[in-house]
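Just so you know, all these numbers are worked out from the coordinates, no wet-lab data involved. These figures come from a predicted structure and were not determined experimentally. Please note: Cβ atoms are built from the backbone with ideal geometry, for glycine as well, and neighbour counts cover all protein chains shown.
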Amino acid sequence: MDQHIETRKNRGNDMPKISLLPYTKERVHEFYKQYIYDPMIFSKDSDIKSYIYSKPLVDDYYENKVLDPTRHYFAICLDDKTIGEIQIKYIDFKKRCGTLSVALVNDSVKGHGYGTQAERLMIDYAFKSLGLLTLYADAVLRNRRSQHVLEKLGFLYTHEDDMLRYYVLHRY
């Protein structure tokens, strides 16, 4: 994907701007070499496992996920450093919908608004560039931070099961 999406600094806002850049194989490896599982992505403590970087597994991930035509991936970059990945997955162009998903590399970049900026850019991209009318998202029940961001961005809670809270956002 040759798209490049960049934030614009708001007046009076010193937050560094992030960019969404094409998620190349090199950027996927950059992300996963520094990635640390966040315990909040697991439904319960007993599911928490450690992550160990593996070049063949990341290559496979790139080939089977990032290049999947039903997904649009971007690298979340801060000063050209990959700090996360974001995607619209399960895209159905007939129904004009897809599902938003985001992951930040580790705790050093969480809590600074980068994920929120990236999600706001992807929502705009999904609605304006892809022509989608509806976005879905979900968050692990105990991941209150992710739920808060989704709600702040306008997603509406629809329901939950024993693992996830589900959200929907219709084109504005």
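How far apart, in nm, are the 7 Å Cα→Cβ label points at Tyr37 and Tyr90?
2.3
Pull out a ≥ b ≥ c, the square roots of the eigenvalues of the alpha-carbon gyration tensor of the range 53-172, then state rounded if a/c is under 1.5, prolate if not and a/b is larger than b/c, and oblate in the remaining case.
Note, shape of the range 53-172 comes out rounded.
When the Cα centres of the range 116-172 and the range 52-79 are compared, how far apart do they sit, in Å?
21
Please work out how much length the chain gains when fully extended from Arg145 to Thr70, using 0.36 nm per residue of separation minus the C-alpha to C-alpha distance, in nm with one decimal.
Values: separation 75, 0.36 × 75 = 27.00 nm, distance 2.71 nm.
Residue separation times 0.36 nm, minus the Cα-Cα distance, leaves 24.3 nm.
Rank by packing, highest mean first: peptides 55-63, 147-155, 125-133, 83-91, with packing defined as the count of other Cβ atoms within 10 Å averaged across residues. Intermediate results must be reported in sequence, preceding the final value.
Details: 55-63: 13.0, 147-155: 17.4, 125-133: 15.9, 83-91: 20.4.
Per-residue mean Cβ counts within 10 Å order the peptides as 83-91, 147-155, 125-133, 55-63.
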